[in-house]
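Structure, as structure tokens:
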Amino acid sequence: MNKGKIDVTAPGKKVEQGHLHPLTLVQRKIIDIFSSMGFEIAEGPEVETEYYNFDALNIPKNHPSRDLWDTFWLKDGRLLRTHTSPVQIRYMEANQPPFRIIAPGRVFRYEATDATHEAQFYQLEGLMVGKNITLANLKAVMEVFFQKFFREKDIKVRLRPSFFPFVEPGVEVDIWFKGKWMEIAGAGMVHPKVLENLKIDPRPPAGGWQGFAFGMGIDRLMMIKYKIDDVRLSYGSDLRFIKQF
């Protein structure tokens, strides 16, 4: 045999095939579905400022709604983002409507871990701003997404009144899945103050821009889709879990 050449006929050690993490599989599926509906993928930093994480989203200092987000604060005054909503703010600063985006990514909450909670997890947020956008458009987008994601044509969506400081009105999104109603996301019409702070005029006829936003946990979608009963399994080091997918 000549030096420098490999005998491809010689027996060798079989290279074991790797496996994608279920969170990766779910996130890729989400991106594929929303891309097919014309949504752009937006990203932003995981270390954020108080302005982008709270103030720009109509959550001023000392506002009681800040208690909803248990925050990891850093010594320099910045923080680990508690949701991916800051990505929406950064996108609206740099772009003019109309637009439709989703912002998937990792977020952080200072809370105890259990079967359904982790200090870090993945969240999906979406935003659609244009003329004559209503909650009916939100409901239609949600129905298409969940039907494609779970591959179930009989999934139905209902909206229930709720409160989130950056939307008005705010709603909880439930889906009819496997014979029962399941709370799956928070959403609503983007609060006019949020748009005004970003120089997007919500007042007709000169502006008239309006839109909806929504947010849901990617980890929870993964747990429902693959029937996983403990979210901590996805952040462990047991390869037997990964190999199932």
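May I ask for the percentage of alpha-carbon pairs in the chain that lie more than 27 Å from each other?
42 percent
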Cα-based helix-to-principal-axis angle, 135-150 vs the chain, degrees rounded to 10: 10 degrees
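Ignoring ligands, DNA and RNA, please state the percent of accessible area on the chain from carbon and sulfur, probe 1.4 Å.
Working: 7160 of 13760 Å².
Solvent-exposed carbon and sulfur of the chain make up 52 percent of the total.
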Stretch gain in nm, segment D76-Y226, where the contour uses 0.36 nm per residue and the Cα spacing is subtracted: 50.0 nm
E196 versus T113: modelled label distance in nm, points set 7 Å from Cα along the beta carbon direction: 4.4 nm
Mean accessible surface per residue for the chain, computed with a 1.4 Å probe while every protein chain stays in place, in Å²: 56 Å²
Centroid-to-centroid separation of region 110-124 and region 191-245 [C-alpha atoms, Å]: 14 Å
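Tell me, rounded to the nearest percent, the portion of alpha carbon pairs in region 164-226 spaced more than 16 Å apart. Please report the intermediate quantities before stating the final value.
Numbers: 1094 of 1953 pairs.
Beyond 16 Å sits 56 percent of the P(r) for region 164-226.
How high is the relative contact order of the chain, in percent, with contacts defined as C-alpha pairs under 8 Å that are six or more residues apart?
Working: 421 pairs, mean separation 48.7, N = 245.
RCO, the chain: 20 percent.
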Which listed pairs, of K14/K227; K29/K199; K156/K225, have C-alpha distances above 26 Å, in listed order: K14/K227; K29/K199
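Assuming 1.567 mPa s and 4 °C, estimate D for region 77-221 with Stokes-Einstein, Rh taken as the Kirkwood radius over Cα pairs, in µm²/s. If you can, show how the numbers build up before the last one.
On the way: Rh = 16.2 Å.
In µm²/s, the coefficient is 80.
By how many nm would the segment from S162 to Q96 lengthen if fully extended, with 0.36 nm per residue of separation less the alpha-carbon distance?
Details: separation 66, 0.36 × 66 = 23.76 nm, distance 2.86 nm.
Result for the pair: 20.9 nm of gain on full extension.
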Semi-axes of the equivalent ellipsoid for region 44-109, Cα gyration tensor, largest first, Å: 21, 13, 11
Value of relative contact order over region 129-243, rounded to a whole percent, pairs C-alpha under 8 Å and six or more apart: 22 percent
Degrees separating the helix 85-94 axis from the principal Cα axis of the chain, which is the longest one: 70 degrees
D_trans [Stokes-Einstein, Kirkwood Rh over alpha-carbon pairs] for region 78-156, 10 °C, 1.306 mPa s, µm² s⁻¹: 107 µm²/s
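The values are calculated or read from the model by the stated rules, or taken from the named source; none is laboratory data. Since this is a predicted model, take the numbers as computed values, not measurements. Every residue, glycine as well, gets a Cβ built from its backbone with ideal geometry; the counts of neighbours run over all protein chains shown. Surface areas here come from the heavy atoms of the whole protein model, side chains and all, with no ligands, DNA or RNA. Shrake-Rupley method; radii C 1.70, N 1.55, O 1.52, S 1.80 Å.
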